[in-house]
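To start, the structure itself, in structure tokens.
The values are calculated or read from the model by the stated rules, or taken from the named source; none is laboratory data. Source: prediction; values computed, not measured. In this analysis, Cβ positions are derived from the backbone assuming ideal geometry, glycine residues included, and neighbour counts consider all displayed protein chains.
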Amino acid sequence: MHVTADVTMLDGCTSAVVAEWAGEFRHCPALVPDARAGARRTLARLGWPGDVDDAVLVVSELVTNSVLHAAEGGSLLLRLAVLADERLAIEVSDEGSAAVPDAPCVLPAVDAESGRGLFLVRALCADVSVQRTEHGKSVRALLAGGR
């Protein structure tokens, strides 16, 4: 999988990455709690000044979606990148599925058993994008820095 040095926003602007971490994992349900704990530790090391609880929630939702919707046995790349403007880019790429999910802008029905993950991600983040890649898809969420 490919990791870039800069992050390009939906508006075409590029922001330099000042600190980052990326890890590749095999899909399995146990990955979700490990990703949450790892994100919390990594964000402390990277010195990101934003709301770590929000970032951990976004990591959890994006990794959960990948584990649930990508083909079994595939791999997942989790990337955390602190940008020059103090925003945090959280990127989850998987090789198992080229399907690009719809990112709902409305809350699902009260009795719905799923569908809240990307809703929460969109509510917390300044920007969310989903792209097809050569081997699957990549979902990127940008969180504001500072508290």
Find all pairs meeting these conditions: Cβ atoms under 9 angstrom apart; at least six residues apart or on different chains; first residue within segment 120-147 and over 19 Å from residue 63 (Cβ atoms); second residue aromatic (Phe, Trp, Tyr) and assigned to a loop (DSSP other than H, G, I, E, B).
-> 145/48
Does residue 13 satisfy the condition of being over 20 Å from residue 128 (Cβ atoms), modelled with pLDDT under 85, over 13 Å from the mean Cα position of the chain (by Cα) and hydrophobic (A, V, I, L, M, F, W, C)?
-> no
Of all the strands (runs of 3 or more DSSP E) wholly in segment 40-147, which have at least 2 residues that are at pLDDT 90 or above, in contact with an Asp or Glu (Cβ under 8 Å, 6 or more places away or on another chain) and not hydroxyl-bearing (Ser, Thr, Tyr)?
-> 75-83, 137-143
Taking segment 65-76 and the residues there that are surrounded by 18 or more Cβ atoms within 10 Å (Cβ to Cβ) and out of contact with any Phe, Trp or Tyr (no Cβ under 8 Å at 6 or more places or on another chain), the one that is farthest from residue 143 (Cα to Cα) would be 70
Candidate set: segment 16-39, residues that are of a type outside the set (A, V, I, L, M, F, W, C), surrounded by 14 or more Cβ atoms within 10 Å (Cβ to Cβ) and touching a Ser or Thr at 6+ places or on another chain (Cβ under 8 Å); chosen: the one modelled with the highest pLDDT = 36
